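The values are calculated or read from the model by the stated rules, or taken from the named source; none is laboratory data. As the structure is a prediction and not an experimental result, all values here were calculated from the model. Backbone-built Cβ (ideal geometry, glycine too); neighbour counts: all protein chains shown. Only protein heavy atoms, including side chains, enter the accessible area calculation; ligands, DNA and RNA are left aside. Shrake-Rupley method; radii C 1.70, N 1.55, O 1.52, S 1.80 Å.
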Amino acid sequence: MELDIYAFVGVIMLVGLVKKNGIMMVDTALELARNRNLGPEDAIYEACKERFRPIMMTTLAALLGTLPIAVGIGAGGESRMPMGVAVVGGCSSPSS
């Protein structure tokens, strides 16, 4: 599959999603460290427990929302397929 403008839009969407999740995780850890006087490791652990469900919900919403685009459903769907494939592939990879 070629890397066209739609694929770049998908990559930008994916980067924005991952960046937002990371910022929210760090922000929660810093808040917990300040308010509960936790050490860095304990604050990160608690932030991971606290933010896991919202991050999974956001990721699944992005994954399931772009799945029809990745499959190419609809008129002109094959031109937008690279965008869907970029987002679905990025959301479903274990490293994200």
Subject >> Table column - 3J(HN,Hα) (Hz), the stretch 44-58, Karplus curve with 6.51, -1.76, 1.60, x for Gly and Pro >> reply: 5, 4, 5, 5, 5, 5, 6, 9, 4, 4, x, 5, 5, 5, 5
Original post:
Do you know the relative contact order of the chain, to the nearest whole percent, from alpha carbon pairs under 8 angstrom that are 6+ apart?
Top reply: 39
Original post:
Which values of log₁₀ I(q)/I(0), to two decimal places, follow from the Debye formula for the stretch 1-57 at q = 0.12, 0.14, 0.30 Å⁻¹ with a uniform point scatterer at every Cα?
Top reply: -0.40, -0.48, -1.10
**OP:** Hand me the GluC sites (Glu not before Pro) from the stretch 1-95 located in a DSSP loop with no more than 16 other Cβ atoms within 10 Å, in residue order please.
**Re:** GLU2
Original post:
One-quarter of the Cα convex hull surface for the chain, in nm²?
Top reply: 6.5
Subject >> Accessible area of the chain belonging to carbon and sulfur atoms, whole % at 1.4 Å probe >> reply: 67
